Amino acid sequence: MRWIMNTLVVGALVAVAAVYFTQQREGEQSLAREEHVRQSLRQLYEKANYHAALQLSEAMEAGKEKPALPFPVAVEPAWFGGEMPGNALAQGQHPWLDVAPAGDLAEHPPDPVLFHEHQAGVWYNPNNGVFRARAP
């Protein structure tokens, strides 16, 4: 009888340790995905500024406060060579980028949460140069 109790205690300890390490690994993976999204948004913003500075693409002139450089109307995948920056938090097949219409001065997308497969993981407003990742 004592042997059965010892086996149950050891089994419970192993189960608790397995749950703890699984949760810790999932937390680390989540933080890594969030950091990837931050880096992607930073890369998108830097490429848009680069192309605006060199006037390599059609630029948007409107904005609340006149920006130092007008932002490109569209972000081209060719700017990034191999791997395009995107939203690592978006699960499933989502379009890459959604662009706000001309004259929209919003700082955030009208639909910031990904509900449907047709929503893009990243939103860009060329009127003020804002990039936002949609949350899952």
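A few comments on the model shown:
- Backbone phi angles across segment 99-111, fed through the Karplus curve with coefficients 6.51, -1.76 and 1.60 (θ = phi - 60°), yield HN-Hα couplings of 10, 5, x, 4, x, 7, 9, 5, 8, 9, x, x, 10 Hz in residue order; Gly and Pro are listed as x.
- A 1.4 Å probe over all protein chains sorts Met5, Met84 by accessible area into Met5, Met84, starting with the largest.
- Hull volume in cubic angstrom per residue (convex hull over the Cα atoms of segment 69-118): 118
- Using a probe of 1.4 Å on the protein chains alone, the accessible area found for Glu76 is around 90 Å².
- Protein-only accessible surface at a 1.4 angstrom probe places the residues His36, His94 in the order His36, His94, largest first.
- Degrees, to the nearest 10: 2-53 long Cα axis against longest axis of the chain: 10
- Correct option for percent of Cα pairs over 21 Å apart [calculated from the coordinates] among (1) 39; (2) 53; (3) 62: (2)
- Rounded to 5, the percent of DSSP beta bridges in the chain classed as antiparallel: 60
The values are calculated or read from the model by the stated rules, or taken from the named source; none is laboratory data. This is a predicted model, so every value here is computed, not measured. With ligands, DNA and RNA removed, areas are computed over all heavy atoms of the protein, side chains included. Shrake-Rupley method; radii C 1.70, N 1.55, O 1.52, S 1.80 Å.
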